[in-house]
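Here the structure comes first, spelled out in structure tokens, and everything after it is commentary.
The values are calculated or read from the model by the stated rules, or taken from the named source; none is laboratory data. The structure presented is a predicted model; accordingly, all values stated were derived computationally and were not measured. Methodologically, a virtual Cβ is constructed for each residue, glycine included, from the backbone with ideal geometry; neighbour enumeration extends over all protein chains shown. Please note that ligands, DNA and RNA were not included when accessible areas were found on the heavy atoms of the full protein model with its side chains. Shrake-Rupley method; radii C 1.70, N 1.55, O 1.52, S 1.80 Å.
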Amino acid sequence: LRFRFLEQKYGYYHCKDCNIRWESAYVWCVQGTNKVYYKQFCRTCQKSYNPYRVEDITCQNCKQTRCSCPVKLRHVDPKRPHRQDLCGRCKGKRLSCDSTFSFKYII
């Protein structure tokens, strides 16, 4: 049995039915790949989708994913609330993606 971890990435979504586009910093991929493990739900029609594009969450200062900048400026807004009701990973669960730790990432 081999343990695999999930890593957080940034994704771009498009609902073909509603023609709504959205972005999310809570895309969970199998570590070392862009293989998405959990889908997200469209806020209008509630259909689940994988992102059409996935990228690493990078620092705006140095453009690195894991950096040592004294002030880390990510291309995500950490103050923006996570929509648990639209997230395939934490929908219907008590804990949100933004409050769980790495031991939860084992698949």
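Just flag the trypsin sites (Lys or Arg not before Pro) in the range 1-66 sitting in loop per DSSP whose Cβ has no more than 15 other Cβ atoms within 10 Å.
Listed in order of number, the matching sites are R2, R4, K16, K35, R43, K47, K63, R66.
Taking N as the residue count of the range 3-101, its C-alpha radius of gyration divided by 2.2 N^0.38 Å amounts to 1.11.
Using a Förster distance of 35 Å, how high is the FRET efficiency between L95 and N19, based on the Cβ-Cβ distance and rounded to 0.05? The calculated FRET efficiency here is 0.60. Solvent exposure of the range 3-101 amounts to 67 Å² per residue of accessible area, where only protein heavy atoms count and the probe is 1.4 Å. Legend: distances between Cα atoms for K47/K93; K47/K91; K9/K47; K35/K91; K16/K39; K16/K79; pairs beyond 23 Å are K16/K79.
Ordering L95, L6 by accessible surface, largest first, gives L95, L6; the 1.4 Å probe counts only protein heavy atoms, with every chain in place. Among the protein heavy atoms, those of C59 account for about 0 Å² of accessible surface (1.4 Å probe, every chain in place).
Of C18, C42, the order by accessible heavy-atom surface (1.4 Å probe, DNA, RNA and ligands excluded), from most exposed downward, is C18, C42.
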